[in-house]
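One structure is given below, encoded as structure tokens.
No lab work stands behind these numbers, since they all come straight from the coordinates. Computed from a predicted model, the values in this text were never measured in an experiment. Using ideal geometry, Cβ is built from the backbone for each residue, glycine included, and neighbour counts are taken over all protein chains shown.
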Amino acid sequence: MIITTEAKAQGWRAIAVFTGGSEALLYVGRSSTQVRGGYAEAFNELLESDEQEQITTIKLQQWQGAPDAGKWQDKSELRLPNKAKQTARMAA
């Protein structure tokens, strides 16, 4: 039996929240900086355009507790990548 463990836990993630309340995992990383740097690309690669339009918020979460006995805690909301592009286009 082989057990593989990471040298450092992936303690941060970005979660997309849809209009109906369902959620989708977008990105997991070791730091909030890593997640903030990669979630927008994941948003565009993982979600179809109709799914992107149904996203209301993207939550930045951090794992709190032991690896086998903890929970994800909301830390902040991240900017919706397409909303920023649409706002820039409207201003131009």
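At a glance:
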| read-out | value |
| --- | --- |
| Surrounding net charge for Tyr39, when Lys and Arg each add one and Asp and Glu each subtract one, Cβ distance under 12 Å | +1 |
| Segment 12-91 shape via C-alpha gyration tensor axes, a/c threshold 1.5 | prolate |
| Karplus (6.51, -1.76, 1.60) ³J(HN,Hα), θ = phi - 60°, over segment 30-36, in Hz, Gly and Pro reported as x | 7, 9, 5, 5, 5, 5, 4 |
| Simple Cβ-charge dipole of segment 12-91, Lys/Arg +1 and Asp/Glu -1, about Cα centre, in debye nearest 20 | 420 |
| Dipole axis of segment 12-91 (+1 Lys, Arg; -1 Asp, Glu on Cβ), positive-most option in Asn44, Ala14, Gln54 | Ala14 |
| Summed side-chain charge close to Ser76 - residues other than Ser76 whose Cβ falls under 12 Å, Lys, Arg +1, Asp, Glu -1 | +2 |
